[in-house]
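Notes to accompany the following structure.
The values are calculated or read from the model by the stated rules, or taken from the named source; none is laboratory data. All values derive from a computational prediction rather than experimental measurement. Note that each Cβ is placed from the backbone with ideal geometry, even for glycine, and that neighbours are counted across all protein chains shown.
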């Protein structure tokens, strides 16, 4: 029986971890957690969200913009995050309506598709 989602992984090009930390930790406010010593040599880093981890791995030769795969992150201030994403120089686009949520999506600086959702009152 499945008990829950423990982690999801996205990838970035090798050697761009510092840029990814600026985006995911500094801009979005995610908290980096210690990656196990036996996995550190693979590059990347791990982040912690409430109840789940986000692993940022490294992978070259992949067109991340060619996929619909994405993370859907529930937030408490959609408008503020949209402004932050746009100030960072990324394009935020409204997604198709989903009952009970306001949302937008964008591609992170590495091409990963991201979706932010906020529950409607």
- Query: Restricting the first residue to segment 90-107 and requiring it to be under 17 Å from residue 69 (Cβ atoms), which pairs with a second residue that is in a loop (DSSP other than H, G, I, E, B) and at pLDDT 95 or above meet a Cβ separation below 9 Å and a spacing of at least six or different chains?
  - Reply: 105/92; 106/90; 106/91; 106/92; 107/90; 107/91
- Tell me which residues, restricted to segment 1-16, are free of Cβ contacts under 8 Å to residues at least 60 places away in the same chain, in contact with a strand residue (DSSP E or B) (Cβ under 6 Å, 6 or more places away or on another chain) and surrounded by 10 or more Cβ atoms within 10 Å (Cβ to Cβ). 7, 9, 14
